[in-house]
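Step one of this worksheet: look at the structure below.
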Amino acid sequence: MVMLITALSVARERELGTIDQLLVTPLRSVEIIVGKVLPGLAVGLGEAFLIQAVTTHAFHVPFLGSLGLFTLGFAVFLTSAIGIGLAISVIALTQQQAILGVFTFLAPAIILSGFATPIANMPEWCQILSLGNPIRYMMELIRSLYLRDPVPSVALRLIWPMAAIGLGTLW
């Protein structure tokens with residue numbers, strides 16, 4: 001959701017011409033990007049905590065991991081998703097193009113995430129493609145946080161690729 005919202009917000013500003021107004025303000029580019037990232041990050045973290053609370057309290061699914069690692073992992077994941085949304089919005093000239101761009105990214109990303117098919121059972125070229133997919137790392141992290149309490153070094157092994165994707169797309 002945050003990827004779509006971010007991509008649509010920038011595309012809408014481009015359509016309405018307000019992006020030009022932003023660019024002539026005294027704000028630096030970094031400040032504009034931070035202004036686009038923080039709302040999505042706040043909404044995404046709120047949704048993540050709500051889903052985690054419903055999962056553990058309403059459905060009684062045990063959460064064995066650390067809430068700190070959960071928060072760190074989701075913050076980094078959301079940053080990478082927002083970065084991909086911003087990258088898509090840079091290419092898209094209209095909101096319709098942004099929607100199609102997000103869908104074009106998300107459909108294969110979800111398939112290559114290991115959600116429905118284990119990554120180990122995929123062809124080798126799909127496994128290589130999945131290395132650039134932040135959803136893959138978040139799926140592994142969530143599984144390990146719910147099923148076992150991972151040591152921080154194992155969790156960080158899954159978090160740093162998402163951080164690299166986020167930094168690369170936000171750059």
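The values are calculated or read from the model by the stated rules, or taken from the named source; none is laboratory data. Just so it is clear, the structure is predicted and the values come from calculations on it, not from any experiment. We place every Cβ from the backbone using ideal geometry, glycine too, and count neighbours over all the protein chains shown. For accessibility, only protein heavy atoms count, side chains too; no ligands or nucleic acids. Shrake-Rupley method; radii C 1.70, N 1.55, O 1.52, S 1.80 Å.
Table for the structure above
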{"quantity": "Top-ranked residue of the stretch 6-53 - restricted to ones that are among the charged types (D, E, K, R) and in contact (Cβ under 8 Å) with a residue 40 or more places away in the chain, ranked as nearest to Gly73 (Cα to Cα)", "calculated": "Glu47"}
{"quantity": "Criterion: of a type in the set (A, V, I, L, M, F, W, C), assigned to a helix (DSSP H, G or I) and surrounded by 11 or more Cβ atoms within 10 Å (Cβ to Cβ) - qualifying residue of Val37, Val30", "calculated": "Val37"}
{"quantity": "Candidate set from the stretch 135-150 (those that are in a helix (DSSP H, G or I) and not aliphatic (A, V, I, L, M)); member that is farthest from Ala163 (Cα to Cα)", "calculated": "Tyr146"}
{"quantity": "Residues of the stretch 149-171 classified as among the aliphatic types (A, V, I, L, M), touching a Gly at 6+ places or on another chain (Cβ under 8 Å) and open to solvent by 80 Å² or more (accessible area, probe 1.4 Å), total", "calculated": "1"}
{"quantity": "Matching residues in the stretch 1-27 - criterion: being open to solvent by less than 30 Å² (accessible area, probe 1.4 Å) and either outside any helix (DSSP H, G or I) or among the hydrophobic types (A, V, I, L, M, F, W, C) (or both)", "calculated": "Val2, Met3, Ala7, Val10, Ala11, Gly17"}
